[in-house]
Amino acid sequence: MGKNSIEMKAENLNEWLAPLGYLFPKNSWELRQFEILHDGYDYKLIDKSVNVDAIIEGRVQSKSIGQIPLLKDEENSIQQLRMAARKGETVPEDILKKMKRNQEKKRNGE
């Protein structure tokens, strides 16, 4: 009997990703495999439409979900990473003050 499957290798990774839906299918075989794998899936898009012109013309307003509050230790970790991004060098005091002023302006909506 012939094999009806493809061995997964680095060379044929795209042949696996397209039928799974991570890439667009490039040929009818990949499209058919996608349809077989997702047969019966409820996309919940009945009576829904996308206004492509509004997106392109910038008439679509995005919705903000707000900011997710961080725990104190998460805030400290982020601060340490910010300093590490500066190649471990200490930041001059005048630069720190300027950064703090900018952050305050953003918080106050200026």
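Couple of notes before you dig in:
- From the options LYS72, LYS48, residue that is farther than 30 Å from ARG107 by Cβ and more than 20 Å from the chain's Cα centre (by Cα): LYS48
- Residue within segment 26-37 that is assigned by TED's automatic domain parsing to the domain that holds MET99 and hydroxyl-bearing (Ser, Thr, Tyr) present: no
- Filtered residues of segment 38-82 (kept if modelled with pLDDT of 85 or more and among the aliphatic types (A, V, I, L, M)): VAL52, ALA54, ILE55, ILE56
- The C-beta contact set for segment 94-110 (first residue free of Cβ contacts under 8 Å to residues at least 40 places away in the same chain and part of a loop (DSSP other than H, G, I, E, B), second residue among the small types (Gly, Ala, Ser) and surrounded by 10 or more Cβ atoms within 10 Å (Cβ to Cβ), distance under 6 angstrom, 6+ apart or interchain) is empty.
The values are calculated or read from the model by the stated rules, or taken from the named source; none is laboratory data. Computed from a predicted model, the values in this text were never measured in an experiment. Counting neighbours? That spans all protein chains shown, and the Cβs are built from the backbone with ideal geometry, glycine included.
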